[in-house]
Amino acid sequence: ITIALTTAGCPLRATIKRDCETRVKSLPGIEKVKLHWDELNAEEKARVMERARKYARDNASPTEIQPTTRVLSIASGKGGVGKSSVTVNIAASLASRGFTVGVLDADIWGFSIPRMLGLDARLEAKIIDSDSTRPKIIPEERSEGSGVLKVVSTGLMIDTEETALMWRGLMLAKAVEQFLRDVQWGYLDYLLIDMPPGTGDVQMALARLLPQAEMLVVTTPALSAQKVAVRVADMARRSHMPILGVIENMSAFVTPDGTRWPLFGEGGGVRLATEIDVPLLGSIPLEPSVSAGGDSGTPVSTGNTGAAAAAFNQIVERLLSDIAPPLDLSSCSAHTISEVSVSVGNPRK
């Protein structure tokens, strides 16, 4: 028997060998099993990963996120690279174009989305369906141009912004699960998830609960940030999560006379994109207006004419044009069959 693995150093090789030998030897007339090992080529690996993602989508636990929602996970290898700033500015720019955009602050310990969007309310739970006694959490909404932002964060649940959340890892994963299952998100064109840095419980929970999620990796030009971000890309690929591209934040400080000062080094975004074989979607210059907008709750990507605002909007335009355009399943036969099946009281298993 020839078995082709996704990688020659597959950690499950011994398990696969044992299972194959046991099952084949159980067949009548088989006394000896000889295995030959091979490795899938790039095209074969891509087909296997696509089948794995389809299986995960078809068997994922139900959430309130509709199949027509494009889910973008904004991730980084380490903290301090401006991931949350990138999240709110992309979200605001999308909403200003008329889209309905959900923002899920999955950085449970280090939440900052409410302040960056100027939100100071508290989330409430209400009975939405008269046939159900289970209340749903209602996202906090903010109008942005002709669109709307729907925001959920632990920062909208605690008494004050300074209150510490002393939760263990499993509680973080449960919180993310509740935000996906018990929030009345309604229709969303996009859901942007501000991830905590690293590759922990929250990241693994997201990959399990939202197999349709795609990742944007944020880094700075610094070599240290770039090298740590590679681990996030490795985790995404092991979880079969597509990586759409890299965003380099705090690329350089430009003085009024046009002089560029690379305060955090140069080339980190390009090196990372090359190493993980994805496009560099854009570089955000280091501008005081970005941090000022975050502190005041007014994202710089809307209503600002500076270089940082232009960079954010160019990234969004690229996402909309070819990287992650809105999903339209209205003409998809599988979507139509699913709707008909539900309408006759026979939902597809």
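Read-outs throughout are calculated quantities, based only on the coordinates presented, and are distinct from any laboratory measurement. Computed from a prediction, not measured in an experiment: that's the story for all the values here. Every residue, glycine as well, gets a Cβ built from its backbone with ideal geometry; the counts of neighbours run over all protein chains shown.
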Checklist entry - Taking the chain as a Gaussian network, where each spring joins two C-alpha atoms under 10 Å apart, which residue of Val71, Val48, Val230 fluctuates the most? => result Val48
Checklist entry - So who's got an amide H within less than 5 Å of the one on Val71, skipping anything under 5 residues away but keeping other chains? H placed 1.01 Å off N, in plane. => result Leu191, Glu214
Next on the checklist: From the phi angles alone, apply the Karplus equation (6.51, -1.76, 1.60; θ = phi - 60°) to segment 150-165 and give each ³J(HN,Hα) in whole Hz, x where the residue is Gly or Pro.
Outcome noted: 10, 10, 10, 7, 5, x, 9, 10, 9, 5, 9, 5, 8, 5, 7, 9
Checklist outcome for this item: Largest fluctuation, Val202, Val88, Val228 only, Gaussian network model of the chain with Cα springs under 10 angstrom, belongs to Val228
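Which of the peptides 215-222, 277-284 is most tightly packed, and how do the rest follow, judged by the mean count of other Cβ atoms within 10 Å per residue?
On the way: 215-222: 26.4, 277-284: 18.8.
Order by mean packing, descending: 215-222, 277-284.
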Checklist entry - Quick one: putting +1 on the C-beta of Lys and Arg, -1 on the C-beta of Asp and Glu, what dipole do you get for segment 1-111 around its Cα centre, in Debye to the nearest 20? => result 220
Checklist entry - How large is the dipole of the chain about the Cα centre if only Lys and Arg carry +1 and Asp and Glu carry -1, each at its Cβ, rounded to the nearest 20 debye? => result 1460
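List the GluC sites (Glu not before Pro) within segment 96-161 that fall in a DSSP loop (any state other than H, G, I, E or B) and whose Cβ has at most 15 other Cβ atoms within 10 Å.
Numbers: sites: Glu124, Glu140, Glu141, Glu144, Glu161; in loops: Glu161.
Sites meeting the loop and neighbour criteria: Glu161.
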Item to check | Members of Lys17/Lys174; Lys150/Lys227; Lys126/Lys174; Lys83/Lys227 lying beyond 25 Å, as alpha-carbon distances in this model show | outcome: Lys17/Lys174; Lys150/Lys227
Checklist outcome for this item: Any residue on another chain or 5+ positions along whose placed amide H is under 5 Å from the amide H of Glu39 is listed here as Leu5
Item to check | Phi to ³J(HN,Hα) by Karplus 6.51 cos²θ - 1.76 cosθ + 1.60 over segment 238-245, Hz, x for Gly, Pro | outcome: 5, 8, 6, 9, x, 9, 7, x
Checklist outcome for this item: Sorted by chain and then number, the residues having a modelled amide H within less than 5 Å of the amide H of Ala252, at least 5 places away or on another chain, are Leu286
Checklist outcome for this item: Labelled set (i) 37, 28, 19; (ii) 44, 23, 21; (iii) 29, 24, 20; semi-axes √(5λ) of the Cα gyration tensor in Å computed from this model equals the value at (i)
Next on the checklist: Taking 8 Å as the Cα distance limit and 6 or more residues as the minimum spacing, I'd like the relative contact order of the chain as a percentage.
Outcome noted: 20
Checklist entry - For segment 83-100, in order, what is each residue's ³J(HN,Hα) by Karplus, 6.51 cos²θ - 1.76 cosθ + 1.60 with θ = phi - 60°, in whole Hz (x at glycine and Pro)? => result 4, 5, 4, 4, 4, 5, 6, 5, 4, 5, 5, 4, 5, 5, 8, x, 8, 9
Checklist entry - GNM on the chain, C-alpha springs below 10 Å: top fluctuator among Ile243, Ile30, Ile276? => result Ile30
